């Protein structure tokens, strides 16, 4: 009887091995369709590549539009500076762009830009009148304050 039990015990594990092999075959069979899906992706890339020349044509049209651009008339309209601003840049009417350039020329000539924080302007007596009594003004606030002195 002992030999019969041993023989039966040997047969049971042998029966489990083929089941394990079947399970492996099932997992391999499941992975195969995934490879087919991956093979379809490069075909989709080819379709995208065909659409690319249409975008280049649009970019060329946009480049032509930017070359024909005209400056805004509001920036080119001569503006008369106030008396306080005229002491810095002169009293003749000029466009806003020239006003900003002349103010920056004045700031650089008199080294009024802050050495530590270059965004700040340290006003002298003439600029302090333009800045509304403020001793230090940021360059962004400066343009706002200057626009108040133009008519």
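Couple of notes before you dig in:
- Extreme residue, farthest from the chain's Cα centre (by Cα), among residues of segment 127-142 that are surrounded by fewer than 14 Cβ atoms within 10 Å (Cβ to Cβ) and within 15 Å of residue 85 (Cα to Cα): 133
- Boolean, residue 73 is closer than 14 Å to residue 149 by Cβ, out of contact with any helix residue (DSSP H, G or I) (no Cβ under 8 Å at 6 or more places or on another chain) and surrounded by fewer than 14 Cβ atoms within 10 Å (Cβ to Cβ): no
- Residues of segment 105-122 that are surrounded by 14 or more Cβ atoms within 10 Å (Cβ to Cβ) and more than 16 Å from residue 135 (Cβ to Cβ): 106 alone.
- On inspection, residue 102 qualifies as surrounded by 11 or more Cβ atoms within 10 Å (Cβ to Cβ) and either assigned to a loop (DSSP other than H, G, I, E, B) or free of Cβ contacts under 8 Å to residues at least 24 places away in the same chain (or both).
- Inspection of segment 108-123 finds no residue satisfying the criterion of being closer than 16 Å to residue 148 by Cα and assigned by TED's automatic domain parsing to the domain that holds residue 139.
The values are calculated or read from the model by the stated rules, or taken from the named source; none is laboratory data. Predicted model only: the values in this text are computed from it and were never measured. Virtual Cβ from ideal backbone geometry, glycine too; neighbours counted across all protein chains shown.
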